[in-house]
Amino acid sequence: MSISQNIIKLEKSLPKGVRLIAVSKTKPKSQLLEAYHSGQRSFGENKIQEMTEKWGQLPKDIDWHMIGHVQTNKVKYMAPFVHLIHAVDSFKLLREIQKQAEKNERNIGCLIQIRIAKEETKFGLPAHELVKMIDLAEQLPNINIRGLMGMASFTSDENQVRTEFKTLAALYKETRTSSPECKILSMGMSGDYQLAIEEGSNMIRVGSKIFGERNK
């Protein structure tokens, strides 16, 4: 099937209220435009330089989502345009986003990435530091904490993945009680988004089911 057909099929399968982020990392501009012309407006990238180049070349009504790990010295390049930063996982990074948002006279939406996977290679803030992170964000006028993000372990053990999603969903529910503006729970990718939705995700990050396997 074509990219457009993949998006249409995927959108039809999603429950109401679940937002699709098309993960377009490594994909050429032509493929993003095909997705765009089928109605897709939210794209996720994991490298700031690549996202910045695409932003300069593609329609300006696209919402750009930074879904990868962010180095603080790169924040300045995306601060003028990024719509949502999914992987805020340190106090240092949050302060740098505030600094660059203020310079650009913008409010920048952020998700706090919580480490839920067992893998050592996964990034994320320890759950016990979440309240402290939200307290800091409330003191930063150009930061909007929109919700939480998490990545499950890369494993064929469905029970483990479901348990990790349940952990984040419970934390999200607690967070919404004290911070009702936190309305996004971003979890689930091409291989596990259906499980994530079952456990409460309302934003999924899907690449290969739209564009095919990622270019190396």
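Data table
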item	result
Segment 10-36, subset of a type in the set (Lys, Arg) and out of contact with any helix residue (DSSP H, G or I) (no Cβ under 9 Å at 6 or more places or on another chain), residue nearest to LYS183 (Cα to Cα)	ARG19
Residue identified as within 23 Å of GLY44 (Cα to Cα) and among the aliphatic types (A, V, I, L, M) among LEU136, LEU140, LEU84	LEU84
Output for segment 141-162, where each listed residue is surrounded by fewer than 21 Cβ atoms within 10 Å (Cβ to Cβ) and either farther than 29 Å from HIS83 by Cβ or of a type in the set (A, V, I, L, M, F, W, C) (or both)	PHE154, THR155, SER156, ASP157, GLU158, ASN159, GLN160, ARG162
Residue match in segment 50-58 (condition: under 18 Å from the mean Cα position of the chain (by Cα), assigned to a helix (DSSP H, G or I), within 24 Å of PRO28 (Cβ to Cβ) and among the aromatic types (Phe, Trp, Tyr))	yes
Residue in segment 82-92 that is of a type in the set (Val, Ile, Thr), in contact (Cβ under 8 Å) with a residue 24 or more places away in the chain, touching a Cys at 6+ places or on another chain (Cβ under 8 Å) and buried (at least 20 other Cβ atoms within 10 Å of the Cβ) present	yes
Scan of segment 1-40 for residues that are assigned to a helix (DSSP H, G or I), within 13 Å of LYS54 (Cα to Cα) and among the polar types (S, T, N, Q), ordered by number	SER30, GLN31
Filter result for GLY109 (in contact (Cβ under 8 Å) with a residue 24 or more places away in the chain, of a type in the set (Gly, Ala, Ser) and closer than 18 Å to ARG176 by Cα)	yes
Residue match in segment 56-69 (condition: crowded, with 22+ Cβ neighbours inside 10 Å, among the β-branched types (Val, Ile, Thr) and in contact with a strand residue (DSSP E or B) (Cβ under 8 Å, 6 or more places away or on another chain))	yes
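Condition check ((1) touching a residue at least 12 places away in the same chain (Cβ under 8 Å); (2) among the aromatic types (Phe, Trp, Tyr); (3) within 18 Å of GLY68 (Cα to Cα); (4) surrounded by fewer than 23 Cβ atoms within 10 Å (Cβ to Cβ)) across all residues:
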| position | (1), (2), (3), (4) |
| --- | --- |
| GLU164 | yes, no, no, no |
| LEU171 | yes, no, no, yes |
| THR177 | no, no, no, yes |
| LYS183 | yes, no, no, yes |
| GLY188 | yes, no, yes, no |
| MET203 | yes, no, yes, no |
| SER208 | yes, no, yes, yes |
| GLU213 | no, no, yes, yes |
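Just so you know, all these numbers are worked out from the coordinates, no wet-lab data involved. No experiment lies behind these values; they were computed from the predicted model shown. Neighbour counts are summed over all protein chains in view; Cβ atoms, including those assigned to glycine, are modelled from backbone coordinates with ideal geometry.
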